[in-house]
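Undergrad: Encoded as structure tokens, here's the structure I'll be asking about.
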Amino acid sequence: MDFRDSAQEASWRAEVREFIEESAPDAYRDGSQMAGPVYGRGDDLFQEWRDAVVARGWMAPAWPREYGGIDLSIMQQFIMTEEFSLARSPHPGGRGVSMVGPTIIHHGSDEQKSELLSGTLDGNLIWAQGFSEPGAGSDLASLQLRAVRDGDDYVLNGQKIWTSDATTCNWLFVLARTDPDAPKHRGISYFVTPLDVPGLTISPIVDMTGGGELCETFFEDVRIPARYLLGEENRGWYVAMTTLDFERSGIAGAVGLQLQLRELIDLAHIRARRASLPVRESLKRELADLWIASHAARLMSYNVASMQSRGLVPNREASQVKLFSSEIQVRSANTAVAVLGLQGQVTGADDPWAVKAGRLARYYMGVLPTVIAGGTSEIQRNIIATRGLGLPRA
């Protein structure tokens, strides 16, 4: 592949950089406030940033123009994500733009598109994902949330877990079993629903960072109008597998890793100077190895984007990016805490002992789910083995 931007891509990159320079909050760009992916409502600073992106018309740039996008090419979308990540500024589209919106465009009725897409673009519809269940995580097709047709409604009973950001979202896209006698990949239907409906209870799960983004959701005779069935009844598995998201390369993670490593390298030098000692050789080797790995992750991301731009569907390649990047992020976080010593355990932003306002310590505590969410490392290895190497299923 050619790593150089074409003239059109270079012009687009310059436009994105200019917009970021003019509009992105300083607290994002200087790293004083964490600005990872935001899927819920977000704070006031995030709201200000989202308003700027919406005003520019870049909320869903890869969507077709007829639905409010600007028909970006795959490489243009890749460049935009890369530049936002380099500026530590999250794209505010969240799951609505990257997941459920494209699915509605592909499978939704005209009425569903009219009702749901505009609200997603202006930020009034903020989406949570209701897929996983206590007994259906990696084996998602084993889900048991039941949906029974009753007149003009479906009645849902059961439970979901890891419904991230449900307390700060107001809509949900959810899979439910509509035919319990069908094979497990069949008999599943895909619904959308407001979260403030009777019988739906949200219970936050506080994680070790103190955050309450993870949630359980309980359905007790929850009625969802039949007009919110997306696609055909009992064909929801195929709807859920639809992905029209043009940005699956993992470039944001690779760039974020490099930004963190730059900070870590600077901190290692600062601490060594304060102690009037050289940086340990073993630490130099570890940081050099991580830096090389971060570049490998970035190049793997470029490969996925290049494949997509040529009309190819990355399969094992996307799994390779996800597996490699998430494992390296965990290793990098472990190294950061080791470099910082006892200060690496201080998470309070206002604590005078905290390093980088406790950001690296909180990152260490929160990074482990990256090897679980979006398909565990074991799942990714199975995909690489079977679809990439042609090995038999385990």
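The values are calculated or read from the model by the stated rules, or taken from the named source; none is laboratory data. Remember, it's a predicted structure, so these values are computed and weren't measured experimentally. Backbone-built Cβ (ideal geometry, glycine too); neighbour counts: all protein chains shown.
Undergrad: Being touching a residue at least 40 places away in the same chain (Cβ under 8 Å), in a helix (DSSP H, G or I) and either hydrophobic (A, V, I, L, M, F, W, C) or surrounded by fewer than 16 Cβ atoms within 10 Å (Cβ to Cβ) (or both) is the filter here, so list the residues in the range 366-380 that pass it.
TA: 371, 378, 379
Undergrad: Of everything in the range 1-30 that's of a type in the set (A, V, I, L, M), touching a helix residue (DSSP H, G or I) at 6+ places or on another chain (Cβ under 7 Å) and not in a loop (DSSP other than H, G, I, E, B), which residue is farthest from residue 55 (Cα to Cα)? Please lay out each step first, then the result.
TA: So the first thing to find is which residues in the range 1-30 are of a type in the set (A, V, I, L, M), and the list is 1, 7, 10, 14, 16, 20, 24, 27.
If we keep only those that are touching a helix residue (DSSP H, G or I) at 6+ places or on another chain (Cβ under 7 Å) too, we end up with 1, 16, 20, 24, 27.
So of that shortlist, the ones also not in a loop (DSSP other than H, G, I, E, B) come out as 16, 20, 27.
Details: 16: 14, 20: 13, 27: 20 Å.
Checked the range 1-30; the qualifying residue farthest from residue 55 (Cα to Cα) is 27.
Undergrad: Would you confirm whether any residue within the range 69-90 is out of contact with any strand residue (DSSP E or B) (no Cβ under 6 Å at 6 or more places or on another chain), free of Cβ contacts under 8 Å to residues at least 60 places away in the same chain, not hydroxyl-bearing (Ser, Thr, Tyr) and not in a loop (DSSP other than H, G, I, E, B)?
TA: no
Rundown of residues vs (1) in a helix (DSSP H, G or I); (2) assigned by TED's automatic domain parsing to the domain that holds residue 384; (3) farther than 29 Å from residue 9 by Cα; (4) in contact (Cβ under 8 Å) with a residue 12 or more places away in the chain, yes/no style:
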position	(1), (2), (3), (4)
267	yes, yes, yes, yes
272	yes, yes, yes, no
296	yes, yes, no, yes
299	yes, yes, no, no
314	no, yes, no, yes
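Undergrad: Another question, if that's okay. Pull up the range 211-232, narrow it to residues that are part of a loop (DSSP other than H, G, I, E, B) and in contact (Cβ under 8 Å) with a residue 60 or more places away in the chain, then point me to the one that is farthest from residue 153 (Cα to Cα).
TA: Ranking the candidates gives 211 first.
Undergrad: Taking the condition surrounded by fewer than 18 Cβ atoms within 10 Å (Cβ to Cβ), farther than 25 Å from residue 214 by Cβ and without any contact (Cβ under 8 Å) to a residue 24 or more places away in the chain, does residue 393 pass? Explain how you work it out, then say what you get.
TA: Numbers: surrounded by fewer than 18 Cβ atoms within 10 Å (Cβ to Cβ): yes; farther than 25 Å from residue 214 by Cβ: yes; without any contact (Cβ under 8 Å) to a residue 24 or more places away in the chain: yes.
When the stated conditions are applied, residue 393 passes them.
Undergrad: Now for a separate question. Please note which strands (runs of 3 or more DSSP E) are completely contained in the range 97-202 and include at least 2 residues that are within 23 Å of residue 234 (Cβ to Cβ) and either within 25 Å of the chain's Cα centre (by Cα) or β-branched (Val, Ile, Thr) (or both).
TA: 127-130, 153-161, 171-177, 188-194
Undergrad: For residue 330, only one of the following conditions fails: (1) assigned to a helix (DSSP H, G or I); (2) within 18 Å of residue 388 (Cα to Cα). What is its number?
TA: The failed condition is (2).
Undergrad: I've got another one for you. Checking residue 357 against (1) crowded, with 18+ Cβ neighbours inside 10 Å; (2) at pLDDT below 85; (3) on the phi < 0 side of the Ramachandran plot: exactly one of these is not met. Which one?
TA: All conditions are met except number (3).
Undergrad: Further question: For the range 127-157, give me the residue count where each residue is surrounded by 15 or more Cβ atoms within 10 Å (Cβ to Cβ) and either closer than 28 Å to residue 383 by Cβ or without any contact (Cβ under 8 Å) to a residue 24 or more places away in the chain (or both). Quick ask: steps written out before the conclusion?
TA: Residues of the range 127-157 that are surrounded by 15 or more Cβ atoms within 10 Å (Cβ to Cβ), as a first pass: 127-133, 136-137, 140-141, 143-147, 153-157.
Adding the requirement that they be either closer than 28 Å to residue 383 by Cβ or without any contact (Cβ under 8 Å) to a residue 24 or more places away in the chain (or both) leaves 127-133, 136-137, 140-141, 143-145.
Residues meeting the conditions: 14.
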